[in-house]
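In what follows, a single structure is set out as structure tokens and then discussed.
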Amino acid sequence: MKSCPRCESSLDDEARYCVECGAPQTEAAAEELDEYVQRQAQQVAADTGGAGDSTGGGGSDDGFSPAEALSDREQLWRRGCYVLGYGTIVAAITQIPRVGAFPLFLGGVAILPPIRRLTAEPLGSPLKREAMAGLYAIFTLIGVALLLLL
Ligand SMILES: [Zn+2]
């Protein structure tokens, strides 16, 4: 364990950013953060109309996480997975006495991003997003088929 030089909260040795105050912990992370801030500043300067799409929603869910904010596509994918996952789970719950609800529920759970992170423990690295999307598709198809047939 090491501790953040700025706020003294204890951190993982591998941590690139402080979880408490967001201070970068490595040279690379500091550079990445500088780049990110610069890019945001340019975007704000260019975007005088103020659509505010990426800046508005970014801060609300996970707090300050520049590493993830770096990739808009990653963000979009994550958000899509949550929407799809929770939507499927809710749909499954409404069908719950029926057999098809269970694979549907599993599919919804499988596509949630934290589940993908959990697969990193036994496998060494997280399953590919495509694999989770595949699992989702398989479970959902089975669920829908059961709901239609039974
Ligand atoms: Zn800190």
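Throughout, read-outs are computed from the coordinates displayed, never taken from laboratory work. Just so you know, these numbers come straight off a predicted model, no measurement behind them. All Cβ positions, even for glycine, are placed from backbone atoms using ideal geometry, and neighbour counts span all protein chains on display.
In what order do SER125, SER3 fall by count of nearby beta-carbon atoms within 10 Å, going from fewest to most?
So the residues, fewest neighbours to most, are SER125, SER3.
Kindly put ARG73, ARG78, ARG6 in sequence by how many other C-beta atoms sit within 10 Å of each C-beta, fewest to most.
Exposure proxy ranking, most exposed first: ARG73, ARG6, ARG78.
Starting from the Cα-Cα distance between SER71 and ALA45, subtract it from 0.36 nm times their residue separation and give me the gain in nm to one decimal.
Using 0.36 nm per residue and subtracting the Cα-Cα distance, I get 7.4 nm.
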